[in-house]
1. Any residue in segment 293-304 that is closer than 16 Å to ASP411 by Cα, assigned by TED's automatic domain parsing to the domain that holds GLU408 and of a type in the set (A, V, I, L, M, F, W, C)?
2. Can you pull out every residue in segment 478-501 that is under 21 Å from the mean Cα position of the chain (by Cα) and assigned to a helix (DSSP H, G or I)?
3. Could you list, in sequence order, the residues of segment 189-236 that are of a type in the set (A, V, I, L, M) and surrounded by fewer than 22 Cβ atoms within 10 Å (Cβ to Cβ)?
4. Taking the condition surrounded by 19 or more Cβ atoms within 10 Å (Cβ to Cβ), over 21 Å from ASP304 (Cβ atoms) and at pLDDT below 95, does GLY469 pass?
5. Report whether or not VAL401 is at pLDDT 95 or above, farther than 30 Å from ILE509 by Cβ, outside the structural domain of LEU217 (by TED's automatic domain parsing) and surrounded by 17 or more Cβ atoms within 10 Å (Cβ to Cβ).
6. Would you check which residues across segment 117-136 are touching an Asp or Glu at 6+ places or on another chain (Cβ under 6 Å) and farther than 14 Å from ARG559 by Cα and list them?
7. Among the residues of segment 241-264, how many are in contact with a Leu (Cβ under 6 Å, 6 or more places away or on another chain), over 28 Å from LEU176 (Cβ atoms) and not in a loop (DSSP other than H, G, I, E, B)?
Amino acid sequence: MKGTLTEKILKKHLVDGKLAPGVEISIKIDQTLTQDATGTMAYLEFLNFGLEKIATKLSVSYVDHNTLQAGFENADDHLFLQSVAEKFGIYFSKPGNGICHQVHSERFAKPGDTLIGSDSHTPTAGGVGMLAIGVGGLEVASALAGYPYSLICPEVIGIKLKGKLKPWVSAKDIILTVLKKYTVKGGVNRVFEYFGDGVKALSVPERATITNMGAELGATTSIFPSDAVTQKFLKSFGRLKDYRAFSADKKAQYKEIFEIDLAKLEPLAAVPHSPDAVKTVKELKGIKVGQVIIGSCTNSSYKDLMTTALALKGKTVSKDVSFVVAPGSKTILNAMIKNGALSYFIEAGARIVESACGPCIGMGQAPASGSVSVRTFNRNFQGRSGTANASIYLTSVETAVACAVYGEFTDPAKLGKYPAVVSPLKFPSDDSLVIKPLPAAQAKKVKIVMGPNIKPLPEGKPLADALSGKVLIKTGDNITTDDIMPAGAKILPLRSNVPEISKYVFNKIDAGFYNRAVKENGGFIIGGDNYGQGSSREHAALAPMHLGVKAVITKSFARIHKANLINFGLLPLCFTNPKDYDKINPGDRLELLDVSGCLRAGKNILMKVNGTLDIKLFTQLSEREKDIIMEGGKINYIRKNLKK
């Protein structure tokens, strides 16, 4: 990884460890971000440390997920988040200001700095040349308390871009090409670093589309260099002072290089139900479409929306299509109001919704039963849209607008001449929905507001020497955190109420899980490969811990979910022989012997199945992670260190 962008930033921020792939390192964090679906819990965790101020250079609390206020719960959480932000010196982005990742890139992201965020799509800021990593909320709380962020030093994969995209082909098609090659689990403990002459032809929003959806690779993050294009972008948002030129050395050493000739790409789509199930639009020609949504943190920039608006000008959306547009930030929405382009959407038959995550997180706009929905989003997991039997396709805005106009999958080139979009030299700055940190004297007087839906954190317990219980559920491969802890308008408002939200663990795939876990006083979860992929939601670890789950045993784990399990004191174990997975069934009684002793000694843990069959398990944990597990989670671990 010598001479790469990744190495340079890691080296500058290194606190502990050696920059060698596979070794645990700790780095200083410059910035943090949270969104409201994960932020409420993150700040409850931070409050447990009893500190008076945050230790980061800059932190931002965004409200962009739970903006559908069907009851008091979401509004109460918003008040809590605002009061915490004012109390501790955190920027607060109010509902309607926009999606955290887009707003952060526009307003706060800095080339060469580090950022962690309690959302898996935090790598979006890599489009600005920032080392930005998605984590669980407890990692953010720890960074706010001054603790470095620990991770496995990643391998660096070089993605060499050459040439220039053809009209009607876009950045979304680049990342879909990468996903097709590396799959949803091909990026674990890897950083994808983009370089080559093709980079110069991509605007920052286009780069951000790629780094955003790089999260679907399971990657630590993705990153682009900071160059003249970056400088122009920062200048347009009045942030020229934040610019610094930053690129990899010419002889940078990558683990491997994947070269993409941009001129040879064509419009692509991820078909149901995985972001790496990629086909060409030509292969899908003629498939009827019932819904099209433009938006999300992946594709709702000025360029995306203007390309869509200009392509729609003078046209009408098909009578059989529900067409929805969600601008990514208030700044971009306002710019389109002022230049008149918003009217092109209205005249074509679009529905304009709030600048928020909305449909992407299952918060409204669920498609019709059995229908096809084309979305410019980053995930198409089954049921995530709110309709279990809908077919969700992920495409560029170019392909999506063609589907909207013609009512079926169509080559976007059929729309005519490709729109030429020129971004404004300067976007108007409007802070009417941003609350800046208060002076220290005022901040001290702020009282934290906690509504009745906000419940105390469950307490983790120190690791026992022996663990026993029944197998509560056995899952297959690529189980997502959406499968473990569903989202949507009904469940998301319960994010600050762990006892209540725990009733929905595995609800989509096994409605009896909660009652079984309560009846058995906890037990074990058995999973396949890449268990816990997708969203960073730590509730997928926290809620099972609350229900008494003692360990999660799989073939392999997704990066963020494994870290979340550790942070809440749940043992993430893997089969030494993956074939042993087939020998275990739901309801089997498991007993793990000498757990703490084996953990400390780095030995395999022996597991008895129904008192007879012996199976060996292993876990790859650093000494720090072992300490966290032994203490019953990271909150207990940090409390103990703070006392010292």
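The values are calculated or read from the model by the stated rules, or taken from the named source; none is laboratory data. In this text the structure is predicted, and so the values were computed from the model without any measurement. So basically every Cβ, Gly included, is an ideal-geometry build from the backbone, and we count neighbours across all protein chains shown.
1. Within segment 293-304, the first condition is being closer than 16 Å to ASP411 by Cα, and the residues that meet it are none.
Among the residues of segment 293-304, not one is closer than 16 Å to ASP411 by Cα, assigned by TED's automatic domain parsing to the domain that holds GLU408 and of a type in the set (A, V, I, L, M, F, W, C), which makes the answer no.
2. Let us first name the residues in segment 478-501 that are under 21 Å from the mean Cα position of the chain (by Cα), namely 478-496, 498, 501.
THR481, ASP482, ASP483, ILE484, LEU492, PRO493, LEU494, VAL498, ILE501, listed by residue number.
3. First pass over segment 189-236, keeping only residues of a type in the set (A, V, I, L, M): 191, 199, 201-202, 204, 208, 210, 213, 215, 217, 219, 223, 228-229, 234.
Within segment 189-236, VAL199, ALA201, ALA228, VAL229 qualify.
4. Numbers: surrounded by 19 or more Cβ atoms within 10 Å (Cβ to Cβ): yes; over 21 Å from ASP304 (Cβ atoms): yes; at pLDDT below 95: no.
Considered against the rule, which asks whether it is surrounded by 19 or more Cβ atoms within 10 Å (Cβ to Cβ), over 21 Å from ASP304 (Cβ atoms) and at pLDDT below 95, GLY469 comes out as no.
5. Values: at pLDDT 95 or above: yes; farther than 30 Å from ILE509 by Cβ: yes; outside the structural domain of LEU217 (by TED's automatic domain parsing): yes; surrounded by 17 or more Cβ atoms within 10 Å (Cβ to Cβ): yes.
Yes.
6. Scanning segment 117-136 gives a single hit, MET130.
7. Quick first cut of segment 241-264, residues in contact with a Leu (Cβ under 6 Å, 6 or more places away or on another chain) only: 242-243, 248, 260, 262.
Retained after the next criterion (residues that are over 28 Å from LEU176 (Cβ atoms)): 242-243.
Filter again for not in a loop (DSSP other than H, G, I, E, B), leaving 242.
Counting residues in segment 241-264 that are in contact with a Leu (Cβ under 6 Å, 6 or more places away or on another chain), over 28 Å from LEU176 (Cβ atoms) and not in a loop (DSSP other than H, G, I, E, B) gives 1.
Yes/no per residue for (1) hydroxyl-bearing (Ser, Thr, Tyr); (2) within 30 Å of ILE54 (Cα to Cα); (3) in contact with a helix residue (DSSP H, G or I) (Cβ under 7 Å, 6 or more places away or on another chain):
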| position | (1), (2), (3) |
| --- | --- |
| LEU151 | no, yes, no |
| GLY163 | no, no, yes |
| LEU179 | no, no, yes |
| VAL184 | no, no, yes |
| GLU206 | no, no, yes |
| ALA219 | no, yes, no |
| LYS250 | no, no, no |
